[in-house]
Structures are given as C-alpha cells and as structure tokens.
Amino acid sequence: MRKSNPLVTILTLAVSILGFAQLAGAQSWPTKPLKFVVPYPPGGGTDVIARIMQEPLGQALGQQIIIDNRGGAGGSIGTDIVAKSPADGYTVLFTLSSHTINPAIYPKLAFDTEKDFLPVSLVASLPQILVANPEFPAKTVKEVVQMAKAKPDAVSYASVGNGSPGHLAGAMMASSAGITMMHIPYRGGGPAITDVIAGQVPLLWVSIPAAANYVKTGKLRALAVSTVKRSPVFPDVPTMAELGFKDYEVDSWYAMFVPVGTPQIIVDTLYKATVKVLAEPAVKEKLIGQGAEAVGSTPAQLGAIVKAELVKWKKVTKESGIKAE
C-alpha cells in the first residue's frame with residue numbers, strides 16, 4: 001500500500017479550508033460597503049444613473065455604496081481598474097454600452113471585455129440626444145447638414161469619448177448624410193456639456209440623463225434623438241429616422257459587471273437585488289425623469305448582449321472608419 005505524503009495531505013487540507021472560508025464569506029456577502037467604479041466623470045449620464053441606483057440598491061443589500069468616478073480613454077481607465085480588482089464582489093463596474101464598442105476602436109486594451117468580467121445585470125436603456133448651443137445658427141438637423149456641406153469640417157460635435165455611443169451617433173449621422181464633421185472627444189458628459197454651453201463646441205451627442213435638465217432650462221437646444229422611438233421626456237424632439245436617416249439607431253444601455261472569478265452566489269445576490277430595486281415605482285419614475293427605461297436582466301441575458309454587440313460594433317466601426325482619435 002502506497003503511503004500518503006504528509007506535505008500533500010497538509011496542502012490539500014489547507015486548500016479545502018480556504019475553499020470553505022471563501023464559500024462562507026460569499027454566503028455572508030456583503031459585510032462592508034461596495035464601491036461602484038463609474039468610468040466617467042461626475043455629471044454624465046452614467047454617473048446620473050449610478051446615483052439613482054446608489055441609495056435604494058445599498059438599502060436592498062444592507063450596505064453603503066460608494067461611487068468612484070474614474071474617467072478617461074472612453075471609459076477604459078476605470079474599466080481596467082475593476083478588471084484588476086479583487087474578485088470579492090466589493091468592486092463593481094457600473095458602465096454604459098461603450099463597454100462593447102471600445103474593443104473595436106482601441107486595438108490594445110489592457111483588459112479583455114469578455115474574459116475579464118462577469119455580467120451582473122442590465123440597469124437601463126435610453127437614446128442619445130443631439131443638442132446644440134442655443135446661439136448656434138443651425139436650428140435643425142437639416143440646417144446642420146446644409147452647413148456642413150457648405151463648409152466641410154467646419155462643424156464639430158462633442159461626445160463623452162472615443163467609442164462612446166455619442167461618437168457612433170455622430171459618425172453615423174455624418175456617414176448617412178454624406179458630410180464630414182470634426183469629432184471632439186471628452187472625458188465624460190459633464191465636461192462636454194460645460195464646453196457646449198460655453199460655446200467652445202457647437203454640438204454634442206450625449207445620453208439624455210446628462211443633458212435633460214439643461215434642455216429643460218434652455219441652456220441647450222435639442223435637435224434629435226438616436227432611437228427609432230421618440231423619448232417620453234422630450235416627445236417633441238424628432239428621431240433621426242423621422243428626419244430621413246434610414247436605418248439609423250444608436251441605443252445606449254447601462255449595466256453592472258464584476259471581475260471574473262467573483263463567486264456566483266455574489267453575482268446572483270447582486271443581480272437579484274438590482275432587479276428588485278428596478279421594479280420599485282420610485283426608481284422607475286426617477287429613471288423615466290431622466291429619459292431612461294428601467295430594464296433589468298439576468299447575468300446570462302447581459303452576457304448574450306455583450307457577445308452580440310462585440311460583433312456588431314466591430315462591423316459598424318470598420319464600415320464607418322471610426323477610430324480612436
């Protein structure tokens with residue numbers, strides 16, 4: 001009979017004890033505050049939606065949620081921070097659909113969008129909105145196109161960054177209209193809106209939550225939305241499709257992800273709490289007030305969306321010639 005190796009036995013026992021400890025920790029999660037990394041500066045759409053979820057989700061989990069804004073590189077900096085964080089459920093990526101666009105325009109990301117993250121749940125979806133400085137002479141999309149045709153590259157538009165839904169919305173607008181417009185990427189919606197209001201840039205494609213209050217107070221003028229249906233927040237603002245832009249649609253979504261390796265029990269707990277919160281009338285009302293629709297999804301449903309959009313946006317960016325600038 002072969003004798004057992006005492007060292008192997010000790011190591012096996014240690015691994016088993018560690019496994020039981022990790023399982024016990026996952027089952028009691030969360031026992032301390034969570035950090036939601038928003039990979040954009042304060043004031044933008046992602047930040048607005050995250051803060052709507054912050055308090056009710058924290059109450060549902062029984063722990064405080066801290067928002068940590070880490071803007072830059074179209075959301076890639078903050079996303080990389082989460083990818084390299086401990087897989088213990090205490091660091092969560094709260095991001096938007098740029099998550100599936102960036103791999104198509106940034107050839108050397110420091111993380112793998114699909115392999116380094118586990119999907120948790122969709123949170124909300126909404127249109128992008130084209131807004132202008134009130135003093136900008138073009139008052140409609142048609143006039144913007146006419147101006148751009150008369151003076152190529154004289155018309156510029158801002159977005160929250162390279163590869164953002166706003167960047168795509170502007171590029172698709174230019175491609176469809178046969179015009180050229182200069183894209184000016186910002187680190188987030190807040191800084192972009194500040195410069196458009198100040199007249200530094202005339203136009204901005206951005207998510208409705210980031211621009212809604214400024215449109216309502218007259219600091220920005222709304223020209224169009226990017227979805228096939230009008231926004232309930234701005235029912236008088238036409239869609240790009242209505243304005244003659246065939247097959248034009250750029251949808252934005254917000255969702256949560258955690259580092260790969262996070263125990264499934266933690267992912268499920270966070271997902272179930274998120275869906276529960278999104279069903280609350282008060283939360284739905286706040287999201288609708290920002291032009292967003294509460295969604296919610298299973299981790300598997302969000303994973304399928306990520307997989308499909310990685311293929312979709314790779315094709316769109318290639319055909320449109322969109323690159324990081």
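The values are calculated or read from the model by the stated rules, or taken from the named source; none is laboratory data. Remember, it's a predicted structure, so these values are computed and weren't measured experimentally. All Cβ positions, even for glycine, are placed from backbone atoms using ideal geometry, and neighbour counts span all protein chains on display.
Annotations for the structure displayed:
- For first residues located in segment 131-142 and closer than 15 Å to Met240 by Cβ and touching a residue at least 12 places away in the same chain (Cβ under 8 Å), partners that are in a strand (DSSP E or B) and among the charged types (D, E, K, R) and lie 6+ apart or on another chain with Cβ distances below 6 Å form the pairs Ala132/Arg221.
- Scanning segment 207-225 for residues that are at pLDDT 95 or above and buried (at least 16 other Cβ atoms within 10 Å of the Cβ) turns up Tyr214, Val215, Leu220, Arg221, Ala222, Leu223, Ala224, Val225.
- Sole exception among (1) closer than 15 Å to Val258 by Cβ; (2) modelled with pLDDT under 95; (3) among the hydroxyl-bearing types (Ser, Thr, Tyr) for Ser85, by number: (2)
- Subset of segment 64-92 [of a type outside the set (Gly, Ala, Ser), part of a loop (DSSP other than H, G, I, E, B) and either under 13 Å from the mean Cα position of the chain (by Cα) or more than 20 Å from Ile266 (Cα to Cα) (or both)]: Arg70
- Being at negative phi, under 14 Å from the mean Cα position of the chain (by Cα), outside the structural domain of Tyr186 (by TED's automatic domain parsing) and part of a strand (DSSP E or B) is a property that Thr95 has.
- If you go through segment 268-289 and keep only what is within 14 Å of Ala26 (Cα to Cα) and crowded, with 22+ Cβ neighbours inside 10 Å, you end up with just Leu270.
- The one condition from (1) over 23 Å from Gly178 (Cβ atoms); (2) within 21 Å of the chain's Cα centre (by Cα); (3) surrounded by fewer than 18 Cβ atoms within 10 Å (Cβ to Cβ) that Val258 does not meet is (3).
- Yes/no for Thr239 being closer than 23 Å to Met181 by Cβ, surrounded by 14 or more Cβ atoms within 10 Å (Cβ to Cβ) and of a type in the set (Ser, Thr, Tyr): yes
- Taking segment 202-317 as the region of interest, the helices (runs of 4 or more DSSP H) fully inside it that hold 2 or more residues being within 19 Å of Ser121 (Cβ to Cβ) and not assigned by TED's automatic domain parsing to the domain that holds Ala171 are 264-278, 281-289.
- Pick from segment 164-178, criterion crowded, with 24+ Cβ neighbours inside 10 Å, in contact with a helix residue (DSSP H, G or I) (Cβ under 9 Å, 6 or more places away or on another chain) and of a type in the set (A, V, I, L, M), ranking: farthest from Gly321 (Cα to Cα): Met173
- If the condition is being modelled with pLDDT of 90 or more and more than 14 Å from Val141 (Cα to Cα), then segment 181-195 contributes Met182, His183, Ile184, Pro185, Tyr186, Pro191, Ala192, Ile193, Thr194, Asp195.
- Residues that are of a type outside the set (Gly, Ala, Ser) and not in a helix (DSSP H, G or I) within segment 139-181 comprise Lys139, Thr140, Lys151, Pro152, Asp153, Val155, Tyr157, Val160, Asn162, Ile179, Thr180, Met181, listed in sequence order.
- Selection of first residues in segment 234-247 that are under 15 Å from Val131 (Cβ atoms) and of second residues that are among the aromatic types (Phe, Trp, Tyr), restricted to Cβ pairs under 7 Å at least 6 apart or on distinct chains, gives the following pairs, ordered by first then second residue: Met240/Tyr248.
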